[in-house]
1. Within region 3-23, count every residue that is within 16 Å of residue 163 (Cα to Cα) and either surrounded by 17 or more Cβ atoms within 10 Å (Cβ to Cβ) or at pLDDT below 95 (or both).
2. Taking the options 377, 459, name whichever one is in contact with a Phe, Trp or Tyr (Cβ under 6 Å, 6 or more places away or on another chain) and either without any contact (Cβ under 8 Å) to a residue 40 or more places away in the chain or part of a loop (DSSP other than H, G, I, E, B) (or both).
3. Can you confirm whether residue 387 is crowded, with 23+ Cβ neighbours inside 10 Å and of a type in the set (D, E, K, R)?
4. So which of 215, 307, 277 is farther than 30 Å from residue 398 by Cα, assigned to a helix (DSSP H, G or I) and either of a type in the set (Gly, Ala, Ser) or in contact (Cβ under 8 Å) with a residue 60 or more places away in the chain (or both)?
5. Kindly provide the set of residues from region 323-363 that are among the small types (Gly, Ala, Ser) and either touching a His at 6+ places or on another chain (Cβ under 8 Å) or exposed (fewer than 15 other Cβ atoms within 10 Å of the Cβ) (or both), ordered by number.
6. Taking the condition of being among the small types (Gly, Ala, Ser), within 19 Å of the chain's Cα centre (by Cα) and over 25 Å from residue 25 (Cα atoms), how many residues in region 66-123 meet it?
7. Let me confirm something: among 26, 44, which residue is surrounded by 20 or more Cβ atoms within 10 Å (Cβ to Cβ), part of a helix (DSSP H, G or I) and in contact with a strand residue (DSSP E or B) (Cβ under 6 Å, 6 or more places away or on another chain)?
8. Residue 407: β-branched (Val, Ile, Thr) and under 20 Å from residue 268 (Cβ atoms), yes or no?
Amino acid sequence: MSDLWKKTATDVVALLKAGEVSPGELLDVLRARIEAVDGAVNALPTLCWDRARAAAERADRDSVLAGLPVAIKDLAPVAGVRTTFGSPIFADNVPAHSDYVVERLEERGGTVYAKSNTPEFGAGANTFNPVFGITRNPWDTRLSAAGSSGGSAVALATGTAWLAHGSDLGGSLRTPAGFNAVVGLRPSPGLVPTGPDLLNYQNLAVEGPMGRTVADVALMLDAMCGIDPRDPRSFAPPVPSYAGALNEPPGKLRVAWTPDLGTTVVDPEIRFVCAEAVAGFSGLGSIVEEACPDFAGAYDCFQTLRAVFFAGRAAPLLKAHRDKLKPDVIWNIEKGLALTADDIGRAERERTALYRRVAAFMGDYDILACPVMQARPYPVERTYVEEIDGRRMASYIDWIAITFSVTLTGLPALSLPCGFTEDGLPVGLQLVGRHRGEAALLAAAAQLESLLGLSARLPIDPVVRH
């Protein structure tokens, strides 16, 4: 029983459905594991055991998750549980209602037991905030876990979660998955309904599943997806089950490989590790070619639309609580407020043109593959990566351009562990699928995952270094 934390979510759900273990017993396992290792990494600062045990007693063995405990990122409200958004403004906030995605996870058998750490309002790809402090990378605790879903990724890597909720605007789910050797899926906008939201029609930020294996992520996606009339973006999944879709052989694929999207700079060692991993598709009978759609203009387009997003959501907070916001958040909001209608119109036109180019390109390829991280895990005291291979980064989000450029396309994108640097740090590969093509993307990722065989290295005890 004490070793259950080492098992995959898929295996544990099978045990639950067979009646061989109970949700309450799983909570006991997690509690012991959290007490043993979380102090070294600070992934799960808020725990709600009483609420979880009450839910465990009601769990339906025949539901998708059958009572499996699930960790929720601290950007998503959970009814009756402290939800801070990583901000001192909301340090004592206890919401009365949960986010729609939390409601759905619970309806489908998930048991919420913890909130995972995040940077303030999810801004920035390093997980730290003034409420809970720093989340550290378990492969080397001197280093960043990335962000903004850093707490979720670290909990998975250390065995304090079987499944974890994440969210992704510019790479907030994919980058920490890469930094911590776990799997994360940024789904198509609308596949996972979310809210209530001040911007119900925005489609840059999405919420999605994170796990240790592709099968675990597919299982969690089944528990998250579907239509919710309260979210006007939501749509019905095109397949009966994403977990079931993994049983369909992906067949001979056409894979386009690019080391940098033609527009970004990537650490040479990361490029090498990812290229070696992508070559595995050839050994599986697929065709791999170096090719890339034209991502020209993506950088300026995303910077503008992200600023619009922050201004739309957070301008009232700037007016009321400027003294409690970190400089990066203030910069984002003010950048948005300073934009003209012409600036925004130009960015929207550029995004439309980009999508058309990428959609035409994906007519010839099943998968677009590239690194999911431009830089290796870096000292946690640094706010962001300032330089990559001799090129200075102009802002605190420039070093994740390889993920935020893909965000603009609205295509599903998955972060898959693909190898390690010479000094033992994880490297992640980004696999991008066709329009609403999560099922085929997951099947292809599962095939490569099986070939690489890296999932067996998780979970780990934190490697504590000073």
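1. Residues meeting the conditions: 11.
2. Unique residue meeting the criteria: 377.
3. Spelling it out, it is not the case that residue 387 is crowded, with 23+ Cβ neighbours inside 10 Å and of a type in the set (D, E, K, R).
4. Testing whether each residue is farther than 30 Å from residue 398 by Cα, assigned to a helix (DSSP H, G or I) and either of a type in the set (Gly, Ala, Ser) or in contact (Cβ under 8 Å) with a residue 60 or more places away in the chain (or both) leaves just 215.
5. Hits for region 323-363 are 338, 341, 345, 353, 359, 360, 363.
6. 4
7. 26
8. In short, no.
The values are calculated or read from the model by the stated rules, or taken from the named source; none is laboratory data. Predicted model only: the values in this text are computed from it and were never measured. Every residue, glycine among them, receives a Cβ derived from its backbone with ideal geometry; neighbour counts consider all protein chains shown.
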